[in-house]
Amino acid sequence: MDLHNIILISFGYFEEDFIQSIAETVIHEFNLPVNVREGHLDLSEFYDAGRRQYNGTKLLTEVDSLYALDGNKTLGLFSVDLFIPILTYIFGQAFLNGRSGIASFYRLSNERYGINTDNKLIHDRFQKEVVHELGHTFGLVHCYNSTCVMRASTYVEDIDQKTVNLCPRCRKEISSILI
Amino acid sequence: MAKKISILIVDDEDSVRDSLYNWFMEDGYRVECAENAKKALIILESDTFDIILADIKMPGMDGLEMLRRIKLLKSDSIVIMMTAFATVDTAVQALKDGAFDYVTKPFDPDDLSHLIRNASKQIALVEENKTLKQKVVSLENVDDLIGKSEAMIKVLKDIESVAQSNSSVVITGESGTGKELVARAIHSNSPRKFFPLVSVHCGALTEGLLESELFGHEKGAFTGAMYNRKGRFEMADNGTIFLDEIATISTKMQIDLLRVLESKCFVRVGGNKEISSDFRVICATNKDLKSMVEKGTFREDLYYRLNVVNIYVPPLRERIEDIPLLVDYFIRKYCASMNKQAVTIDPVALKRIEEFSFPGNVRELENMIERAIVVGNGKKISLKDLPIDKTVISNSIESLEELEKIHIIQILNKYNWNISRTAKALKVDRVTLYNKISKYGFKPVD
């Protein structure tokens, strides 16, 4: 696979340091240059008033059509509550072996669960979520290794259990794709 | 590496199908979609899926009707029903119709993961069960039916051809030939093998006791009936009932038996509640049932009801070539059960066994070998360990020379090759005895 870059596009406000540290983690995991950009979407088009959430499937499709480029992996970063029709919420979504994915930190915040705010924790969780969704764009499926970033996470506690790193097996798979 | 789980998603909404498709693809599953029940059923005609996730409300055939049809195609299918409009009634109906689970859309991601995990565990359990059952089948085959003779090969072929059907079988043969073993082999190779094989020795019971044994009885049905008792027909539900010595049953019992065989319904002795039982019948007899029918001692209608297939088990004298195999089998069996070192058998003793008529057939041979191991010296079974009466000579021996040979070796063994004592017993001189030993090539046993 002839890949040039990974592009992280922020939709909404993110502190620069926050984005930069995420970019560094992504560089480390995928060994590819990372570009950071700002994106602009009218999110109201994707809002479901009945559910009071934003349609993740439609957002992903939009990011893919407007921002994704062949030869790159693009990830949209959001701060809103995402859903897909069948599930009550998602942390993120990606096209498996596709060009793009999305991730949101909305559900990663402790406040949503009535626990004291922990900014470092939100940061760690979001990094893992970004690497996870990017992993899907490289064709990685969920991993059974309990510490691998590709392990499936349905609760924030699951995210806390795993590391931000790919396990040796998943790393090997990525390396073979990037040759 | 574990087999990839396969999921079929059946939902009329594109967004639901796409969401679930992407979700499950990320888990590494094999996923396919169908936009309605009809298309799903077409897919299922040529492909199998571990899990089917189906919406209930769909245009045309709804999910519940599809569930029923899927269960008819493959009863152990795992079908999870989903709906946005949950009601207790539809949930109950779905589960009654065989749904694995019932979920309301939208579901919590963790709930979806648990659901698929539970379904995967169920699939793994069913596979493991199938594997274990196959192992059980390989242990309970026809290993106890020893023989390579043409007659025994025919018996084994008959068992193979009849086992898979539900047909009634009558096994005929002399006493001690292994008719019950044949019945067990039929049952353990049949689809009923995981249900009971219930045996009843009709010849050992009086009419009243046999009736109670077969039909069961209610408390108080007769003096001493303190509790309700399940009968053998009831115990054999989904399995097989083996009626040994069927020719001994009374005329009244023949009528009752015919009624049960035809209706598969009966009432316990002293009861009035009709009980049904789905069983297969295997009978055994050492009598000629056809002759009994002609003489009027066995009902013709019952005879034809039972004798759909007949398996004849030959007497031991019709399969002499199987005797060494049987002897070897019983030696190993009894040495193992008595915790003894394996013994061998003297060729002369084996020859003697082969010439014996065995009116009691295999049962008598087994008894003989068991006794020989008990009384023997622990290393080799010799002629002196066998309770074969020296005056009982096989009908196959006609020449005087053969008779002389057998008699001399018996006496030699009796006196442990003491030449003086043997000669004295035979009423010949030592020189004559030595000449006979040389002529017949006798050698002392180790």
*When averaged across all projection directions, what area in nm² does the alpha-carbon convex hull of segment B:266-328 cover?*
7.9 nm²
*Mind checking which lysines have their C-alpha under 17 Å from residue B:154, skipping anything on the same chain fewer than 8 residues away?*
B:179
*Measure up B:340/B:427; B:340/B:384; A:172/B:105; B:121/B:193 against 29 Å on the Cα-Cα distance and list the ones that go over.*
B:340/B:427; A:172/B:105
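Within the set of other residues whose C-beta is less than 13 Å from the C-beta of residue B:319, count the net charge using Lys and Arg as +1 and Asp and Glu as -1.
Details: positive: B:148, B:154, B:317; negative: B:150, B:174, B:318, B:321, B:322, B:354.
Cβ neighbours under 13 Å give a net charge of -3.
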*asked:* Of the candidates B:422, B:172, B:223, which one comes out as most mobile in a Gaussian network treatment of chain B with C-alpha springs shorter than 10 Å?
replied: B:223
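Tally Lys/Arg at +1 and Asp/Glu at -1 over every other residue whose Cβ is under 9 Å from the Cβ of residue A:105; what's the total?
Once positives and negatives cancel, what remains is +1.
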*Work out which helices of chain B, taken as complete DSSP H runs, extend at least 27 Å along their axis over the Cα atoms and score a mean Kyte-Doolittle of -1.0 or more, then list them.*
B:109-139
*Mind checking the alpha-carbon convex hull of chain B and giving the volume per residue in Å³?*
247 Å³
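If you take the beta carbon distance between residue B:111 and residue B:227 as r and set R0 to 45 Å, what does 1/(1 + (r/R0)^6) give as a FRET efficiency, to the nearest 0.05?
Working: r = 49 Å, r/R0 = 1.08.
Working from the Cβ atoms, E equals 0.40.
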*Taking springs between alpha-carbon atoms closer than 10 angstrom, which of A:88, A:147, A:61 fluctuates most in the Gaussian network model of chain A?*
A:88
*Stick to Cα atoms and the Kirkwood definition of Rh, then tell me Rg/Rh for segment A:65-112.*
1.03
*Considering chain B as a Gaussian network with a 10 Å cut-off on Cα pairs, which listed residue, B:407, B:187, B:114, attains the greatest mean-square fluctuation?*
B:114
_Using square roots of five times the C-alpha gyration tensor eigenvalues, list the equivalent-ellipsoid semi-axes of segment B:195-278 in whole Å, biggest first._
18, 16, 13
_I'd like the projected area of segment B:287-446, averaged over all directions, using the convex hull of its alpha carbons. Report it in nm² with one decimal._
13.1 nm²
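So if the hydrodynamic radius of segment B:226-320 is defined as the Kirkwood radius over C-alpha pairs, what does Stokes-Einstein give as its diffusion coefficient at 4 °C and 1.567 mPa s, in µm² per second?
This corresponds to a translational diffusion coefficient of 87 µm²/s.
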*Label residue A:110 and residue B:204 with points 7 Å out from Cα along Cα→Cβ: what is the distance between them in nm?*
7.6 nm
_Value in Å of the Kirkwood radius, where segment B:47-128 supplies the Cα pairs that are averaged_ = 13.1 Å
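Using just the alpha carbons, could you tell me how many Å³ per residue the convex hull of chain A encloses?
Details: hull volume 19.1 nm³, N = 179.
So the per-residue hull volume is 107 Å³.
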*asked:* Give me the net charge for the shell around residue B:210: Cβ to Cβ below 13 angstrom, other residues only, Lys and Arg +1, Asp and Glu -1.
replied: -4
*Can you give the extra length, in nm with one decimal, that the chain gains between residue B:407 and residue B:93 once fully stretched, where that is 0.36 nm per residue apart less the Cα-Cα distance?*
104.8 nm
*Any cysteines in the protein assembly as shown with zero other Cys Cβ atoms under 4.7 Å from their Cβ? List them, or say none.*
A:170, B:33, B:202, B:265, B:283, B:335
*Enter the mean projected area of the convex hull around the alpha-carbon atoms of the protein assembly as shown, in nm², rounded to one decimal.*
46.4 nm²
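A short reminder: the numbers here are calculations on the coordinates, not readings from a lab. Keep in mind it's a predicted model, so treat the numbers as computed, not measured. Because the Cβ atoms are built from the backbone with ideal geometry, glycine has one as well, and the counts that use them run over all protein chains shown.
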